[in-house]
Amino acid sequence: MEEPQQPEQPAAEACPPDEAPELVVITGMSGAGRSEAIHTFEDLGYFTVDNLPPSFIRQLIDLAQLPDSPMHRLAVVSDVRSHEFFDQLADELSSLRHAGVRLNVLFLEADDDTLLRRFKETRRPHPLAEESDSLLDGIMAERYLLQQVREQADMVIDTSDMKPLQLRQAIRERFIAGSAIDALAVSVSSFGFKYGTPSDADIVIDVRFLPNPYYDPDLRPLTGLDPEVRDFVIGRPETEEFLAKWFDLLDVLVPGYVAEGKHHLAIALGCTGGMHRSVALAEATASHLREKGFRAVVAHRDMGRDREAR
């Protein structure tokens, strides 16, 4: 019996360059690290979809082009798990390039021995195992099916001798514009211990050991953003000593987080009410990080709460 033919899809319309989304299509051999790759792109801020049939990629692009859509960078995995739909992938990639989509095809592969070992270790079934007499036959069949797609790849990574961390690093180096520093966003916040410690902070610094401007009647109604309070806090010898050592510690810690692939770092500095000392020192901390080339934003969680309570 002759199989029914799939209806032809209309050719994709060209996207204006300023509206064209960035799309990464991840494909390649089963067991070569596709799951690790898609998780890496998710950490990098991409909108991600795993196991997306090729015919749905264009619909995702259309959603990304809607007004106010947050989906400016997309990463999808499309592979032989979609079975008969996978045959459309090579044609779909060509169509997307013709339509002006900013497309990168990432192809992951590994040698047969490595793939055999990984499948035996995880005990997961190969997607083509049911159609083959053995696991190795399934791997060979998948290589054959992927030939045409591999030829369209913009980047091929052989993960045979790679650990997951090395694969993540290779992806970051290829898909992050600029230096590795750009991959880390640092949020610096001030808070008052009387209102509780931030639950989402990676690093918490207690600065209550420093002299408190609160006890100066002229400074009490001001905040750490006012020059008078800032000078009172920053200009003291004990603060200068603290900042010198604190900045030295940051200069070791933050590059270490970058090297480990961390994408967001939350630093919180706390004083009693979160109005004076912690505010001034959070601003100084963010300024130091920016001077070192890091992206740092500042927020003052409790600044003004004491004033409102009075």
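Only the coordinates and a few stated rules stand behind these numbers; no lab work does. Source: prediction; values computed, not measured. Heads up, the Cβs are rebuilt from the backbone with ideal geometry, glycines too, and the neighbour counts pull from every protein chain shown.
Here is the list for segment 219-275: GluC sites (Glu not before Pro) lying in DSSP coil, each with at most 16 other C-beta atoms within 10 angstrom of its C-beta, are Glu260.
Under a GNM of the chain (C-alpha, springs under 10 Å), which listed residue has the highest mean-square fluctuation: Arg34, Arg123, Arg172? Ranking Arg34, Arg123, Arg172 by mean-square fluctuation puts Arg123 first.
Close amide H contacts of Asp302 (hydrogens built in the peptide plane, cut-off under 5 Å, sequence separation of 5 or more or a different chain): Gly192. Computed from the C-beta positions of Gln59 and Arg123 and an R0 of 45 Å, the FRET efficiency is 0.85 to the nearest 0.05. Close Lys pairs in the chain, defined as Cα atoms under 22 Å apart and 8 or more places apart or on different chains, number 4. Computing Cα extents along the principal axes in Å for the structure here picks out one of (i) 75, 46, 39; (ii) 74, 42, 37; (iii) 92, 44, 32, namely (iii).
For the peptides 143-153, 71-81, residues were scored by their other Cβ atoms within 10 Å and the scores averaged per peptide; the highest-first order is 71-81, 143-153. Over the chain, with a Gaussian network built from C-alpha contacts below 10 Å, which listed residue (Ile205, Ile267, Ile61) shows the highest mean-square fluctuation? Highest fluctuation among the options: Ile205. Computed extension length for Leu249-Asp226: 5.6 nm, one decimal, from 0.36 nm per residue of separation with the Cα-Cα distance subtracted.
When shorter helices are ignored and each DSSP H run of at least 4 residues is given -39500 (n - 2.57), the per-residue value for the chain at 222 nm works out to -12000 deg cm²/dmol.
Going through segment 197-276, which chymotrypsin sites (Phe, Trp or Tyr not before Pro) have at most 15 other Cβ atoms within 10 Å and a DSSP loop state? Here the chymotrypsin sites (Phe, Trp or Tyr not before Pro) that fit, given the DSSP loop and packing criteria, are Phe209. Largest mean-square fluctuation among Thr48, Thr197, Thr122, in a Gaussian network model of the chain whose springs join Cα atoms under 10 Å apart, belongs to Thr122.
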